[in-house]
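The values are calculated or read from the model by the stated rules, or taken from the named source; none is laboratory data. Quick caveat, the model's predicted, so the values are computed rather than measured. Please note: Cβ atoms are built from the backbone with ideal geometry, for glycine as well, and neighbour counts cover all protein chains shown. Ligands, DNA and RNA are stripped out before the accessible areas are found, and what is left, the full protein with its side chains, is counted by its heavy atoms. Shrake-Rupley method; radii C 1.70, N 1.55, O 1.52, S 1.80 Å.
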Amino acid sequence: MIKQMGLLLAIMLVSGMYSLGYMNSRAKCVGIITAVMTFFAGLRTWWFGDLIKYYTLFLSCTGSGWKNAVFSNRANIGLRISFRIAGWLGISYDVCIFIISAFVAVTLGLLIYRYSVSIYWSYLMYIGMGFYLFSYSGLKQSIAMGFLCLSMIALIEEKPVPFYFWTICAVIFHAPAAIFLPAYLVTKKEFDAVYIWIIVISLVSFFLFRDRIVSVLSDAYYEEEATLGSSKIVGGRALMILFIMGLGCWLRPVTAIDTVYKKLFSIMLISFMLQCFSIYGNVFTRLTDYYFQFVVLYIPFILERADHQLLMNSARKNRIRIIPKNFYMYLSFGISVFALAYYAKYCHGSLWLLKSFKFVWQINPYTLYGR
């Protein structure tokens, strides 16, 4: 846990230096953080969580019976094909782990570099909300989320062909990523009566078919069947997302000419809808992450200073909410403290997993595995 908190504080320091003007290159700041995240996660031993199970899969995909292992099931075939290619090239499992870590960090870095208005807030949200820690063990979904970072760039730039290409790549690695396919059309839709009906119909459909949906997703995530009939109305994480959206509406009201922010608000709205179903099983929380990961862009947008908003889009000058500078300072401090506390609680809840976290020079998992 100390290692994880130390990493977060180090990244806060680097991104904070850039925000305060002590580092004048945006590319350098993102590059440094990307390298740190790549090496920290990429040099972890695979004797950790689900990585042991993935090593068994790696052996199957590189052994003599690889055809059956790779092609026995079409779902999530991307990782199995990748392992087979690694076997052909003589790449070890350790190197595969490093390459995956680099891919996750680089795709995130590219998204943040191009569209985040605050590197500090973006990385604080990514690590503080637990996405980075999840990438340690959930290889298939982490790869899929990396591809969706590329999809999000295409969505913002309104390029449908690259959007669907990268999203399908994500689906090849993790089938539940298909939940992101409607995002392009949904984010282009105006907030009118049709949009509201889409939301209502989606909620009703989820409720009516929840048994089947939970069953399918549980199989996809290799988890136990979720429990239905929960007495809860909504979970705490859903309330947190709702609060974030409410704060955003107050600090930066959604307008048609604020195009990127409007898209992000729609993404957060879908996150909230999906997270509401987490009371039926953790699979919905995992599913929500495909949308909620873009809080790394949403939070920086709602905390963007009025003068910077005016500089970036002068057409909005009469629609920018002016917030006292002191309030922004207190709010920034409060959100930073909350993110640190949330991450500390997240790590504490994962102590059973983090106690196995070791770097490659600290342990030889091959001897423990028996090969």
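Of the residues in segment 220-234, none is at pLDDT 65 or above, surrounded by 13 or more Cβ atoms within 10 Å (Cβ to Cβ) and within 30 Å of residue 138 (Cα to Cα).
Can you pull out the residues in segment 353-371 that are open to solvent by 40 Å² or more (accessible area, probe 1.4 Å) and either under 14 Å from residue 4 (Cβ atoms) or in contact with a strand residue (DSSP E or B) (Cβ under 8 Å, 6 or more places away or on another chain) (or both)? Listed by number, the residues that qualify are 355, 356, 358, 360.
Only a single item in (1) more than 23 Å from residue 179 (Cβ to Cβ); (2) touching a Cys at 6+ places or on another chain (Cβ under 9 Å) is not met by residue 118, and it is number (2). Here's a check for you: in segment 302-319, which residue that is over 24 Å from the mean Cα position of the chain (by Cα) and modelled with pLDDT of 70 or more is nearest to residue 264 (Cα to Cα)? Among those residues, the one meeting the criterion is 309.
All told, residue 180 falls short of being touching a Gly at 6+ places or on another chain (Cβ under 8 Å), open to solvent by less than 40 Å² (accessible area, probe 1.4 Å) and modelled with pLDDT of 85 or more.
Do we have any residue at all in segment 138-151 that's at negative phi, assigned to a loop (DSSP other than H, G, I, E, B) and among the charged types (D, E, K, R)? Scanning segment 138-151 turns up no residue that is at negative phi, assigned to a loop (DSSP other than H, G, I, E, B) and among the charged types (D, E, K, R).
Does segment 274-310 hold any residues that are surrounded by 20 or more Cβ atoms within 10 Å (Cβ to Cβ), in a helix (DSSP H, G or I) and aliphatic (A, V, I, L, M), and which are they? Hits for segment 274-310 are 274, 283, 287, 295, 296, 297, 299, 302.
The C-beta contact set for segment 106-122 (first residue more than 13 Å from residue 15 (Cβ to Cβ), second residue among the aliphatic types (A, V, I, L, M) and crowded, with 24+ Cβ neighbours inside 10 Å, distance under 7 angstrom, 6+ apart or interchain) comprises 111/152; 115/297.
Does residue 143 satisfy being open to solvent by less than 30 Å² (accessible area, probe 1.4 Å) and either without any contact (Cβ under 8 Å) to a residue 60 or more places away in the chain or more than 13 Å from the chain's Cα centre (by Cα) (or both)? Against the criterion (open to solvent by less than 30 Å² (accessible area, probe 1.4 Å) and either without any contact (Cβ under 8 Å) to a residue 60 or more places away in the chain or more than 13 Å from the chain's Cα centre (by Cα) (or both)), residue 143 does not qualify. The set of residues from segment 17-28 being surrounded by fewer than 17 Cβ atoms within 10 Å (Cβ to Cβ) and in contact (Cβ under 8 Å) with a residue 60 or more places away in the chain comprises 19, 26, 27.
Yes/no per residue for (1) outside any loop (DSSP other than H, G, I, E, B); (2) over 24 Å from the mean Cα position of the chain (by Cα):
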position: 171; (1), (2): yes, no
position: 190; (1), (2): no, yes
position: 196; (1), (2): yes, yes
position: 205; (1), (2): yes, yes
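Scanning segment 251-263 for residues that are part of a helix (DSSP H, G or I) and either modelled with pLDDT under 85 or of a type in the set (Ser, Thr, Tyr) (or both) turns up at least one hit. Of all residues in segment 150-162, those satisfying the criterion of being buried (at least 24 other Cβ atoms within 10 Å of the Cβ) and among the hydrophobic types (A, V, I, L, M, F, W, C) are 152, 155.
Taking the listed residues 34, 62, the one that is touching a residue at least 12 places away in the same chain (Cβ under 8 Å) and within 21 Å of residue 107 (Cα to Cα) is 34, with no other qualifying.
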